[in-house]
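The values are calculated or read from the model by the stated rules, or taken from the named source; none is laboratory data. Computed from a prediction, not measured in an experiment: that's the story for all the values here. All Cβ positions, glycine included, derive from the backbone under ideal geometry; neighbour counts span all protein chains shown.
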Amino acid sequence: MNENYTKAMLYAYPNLEAVAEQIDELVEKRALVSINDFSPALEQCEKIVELTFNKDLLFSLKIILEEILNSLTSIERDCLDYKYFKLKPKEYYIDFDAESRTYFRRQNKLIERISIKLEKKGYDNKWYEENYLKMDFFSELNKRVIEYEKSIKKRKKAHSLRIQNNCKVYKRNIA
């Protein structure tokens, strides 16, 4: 299961309303500029309708994510906030353990659970690609998530190789 779309949605969550407001401004500008635009009116209307549809998609995503987030425990919400939302002040996380294996395991399980919940509501990878990747905001965010995930895999692989090499050296020193 590809969970990058879930991560992109979570990163986008705190900014969905701001992006929707930007779409409102863009629709207003397009409507005003259409007076001087000599392209066919149907083409201009289609662009405005597409922007309005994108805004509806953002609001529906916000509603779905809020519903899912409200079903989580406070510890799970804190884990998500720490990694994806950054809505709480840094002082809130002074005693928060974000370095242990438990934290990373909890994050992985949370993403998997949220992905399953999104899929049950019809928000799967295919839906995301067909609807959200058309928006510049999400296509750029998705690229960043993919790059970040690749860098994590590289670091894990390098770490694993270091451990293997250390074991080989240790075995030679024992023998």
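Which is modelled with pLDDT under 90 and under 24 Å from Leu87 (Cα atoms), of Glu28, Glu3, Glu46, Glu17?
The conditions single out Glu3.
Which of (1) without any contact (Cβ under 8 Å) to a residue 12 or more places away in the chain; (2) within 18 Å of Ser74 (Cα to Cα); (3) over 21 Å from the mean Cα position of the chain (by Cα) is the odd one out, the single condition Ser100 does not satisfy?
Evaluating Ser100 over (1) without any contact (Cβ under 8 Å) to a residue 12 or more places away in the chain; (2) within 18 Å of Ser74 (Cα to Cα); (3) over 21 Å from the mean Cα position of the chain (by Cα) leaves (2) as the failure.
Looking only at segment 31-59, which residues are part of a helix (DSSP H, G or I), over 24 Å from Pro14 (Cβ atoms) and either of a type in the set (Asp, Glu) or touching a Cys at 6+ places or on another chain (Cβ under 8 Å) (or both)?
Glu43, Glu46, Glu50
Considering only residues of segment 60-92 that are assigned to a helix (DSSP H, G or I), surrounded by fewer than 17 Cβ atoms within 10 Å (Cβ to Cβ) and hydroxyl-bearing (Ser, Thr, Tyr), which is modelled with the lowest pLDDT?
If we take residues in segment 60-92 being assigned to a helix (DSSP H, G or I), surrounded by fewer than 17 Cβ atoms within 10 Å (Cβ to Cβ) and hydroxyl-bearing (Ser, Thr, Tyr), then Tyr92 is modelled with the lowest pLDDT.
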